[in-house]
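**Student:** Just dropping this structure here.
The values are calculated or read from the model by the stated rules, or taken from the named source; none is laboratory data. As the structure is a prediction and not an experimental result, all values here were calculated from the model. All Cβ positions, glycine included, derive from the backbone under ideal geometry; neighbour counts span all protein chains shown. Heavy atoms of the whole protein, side chains included, go into the accessibility calculation; ligands, DNA and RNA do not. Shrake-Rupley method; radii C 1.70, N 1.55, O 1.52, S 1.80 Å.
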Amino acid sequence: QVQLVESGGGLVQAGGSLRLSCAASGRTFSSYAMGWFRQAPGKEREFVAAINWTGGTIFYGDSVKGRFTISRENAKNTAYLQMNSLKPEDTAVYYCAAALRPNYYTDPSSYENWGQGTQVTVSS
């Protein structure tokens with residue numbers, strides 16, 4: 001397994017941008033698919049974005065398409081989530097996750113490793 005630590009969250013005004021980072025250690029990072037999920041208080045965990053081990057397959061949740069970009073730098077054992085045009089409804093705790101062979105990239109249960117989460121708050 002791998003250990004994941006998110007960073008880069010914070011407070012931003014609507015229309016602004018944030019870049020989240022997910023630093024990984026443990027097993028070979030390049031072998032893992034990476035995903036970003038978010039969870040607002042009282043709501044289910046929501047799929048945000050995912051990227052396979054080569055970076056050649058990428059998925060986005062409908063609510064973030066065109067605004068968020070997932071990427072990875074395997075040499076740095078780090079995945080990123082660039083968030084642009086942020087909206088108040090993007091406010092949530094954002095979690096990084098890793099899976100060797102996810103059955104479904106958009107399903108949280110497909111991921112066996114999770115970070116502690118980082119808070120993103122978007123003000124109006």
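**Student:** What part of the accessible area of the chain, given as a whole %, is carbon or sulfur when the probe is 1.4 angstrom? Let's see the in-between values first.
**Tutor:** Working: 2940 of 6290 Å².
The computed percentage sits at 47.
**Student:** Oh, and also: Hey, quick one: spin label on residue 57, modelled 7 Å out along Cα-Cβ, who in the range 1-36 has an amide N within reach, i.e. under 17 Å?
**Tutor:** 30-36
**Student:** Same structure again: Output wanted: per-residue J couplings in Hz (rounded whole) for the range 56-62, from phi through Karplus 6.51 cos²θ - 1.76 cosθ + 1.60, θ = phi - 60°, x for Gly and Pro.
**Tutor:** Coupling constants for the range 56-62: x, 10, 9, 10, 10, x, 4 Hz.
**Student:** Suppose each label sits 7 Å from its Cα in the direction of the beta carbon; what would the residue 110-residue 89 distance come out to in nanometres?
**Tutor:** Taking the simple label geometry, residue 110 and residue 89 are separated by 2.4 nm.
**Student:** Once you list every other residue whose beta carbon is under 15 Å from the beta carbon of residue 93, what net charge do they have if Lys and Arg are +1 and Asp and Glu are -1?
**Tutor:** Details: positive: 38, 43, 45; negative: 6, 44, 46, 89, 90.
With Lys, Arg at +1 and Asp, Glu at -1, the neighbours total -2.
**Student:** Over the chain, what portion of Cα pair distances is larger than 25 Å, expressed as a whole percent?
**Tutor:** Details: 1150 of 7626 pairs.
Of the Cα pairs, 15 percent sit more than 25 Å apart.
**Student:** Let me ask something else. I'd like the distance between the alpha-carbon centres of the range 96-124 and the range 1-69, rounded to an integer number of Å.
**Tutor:** 6 Å
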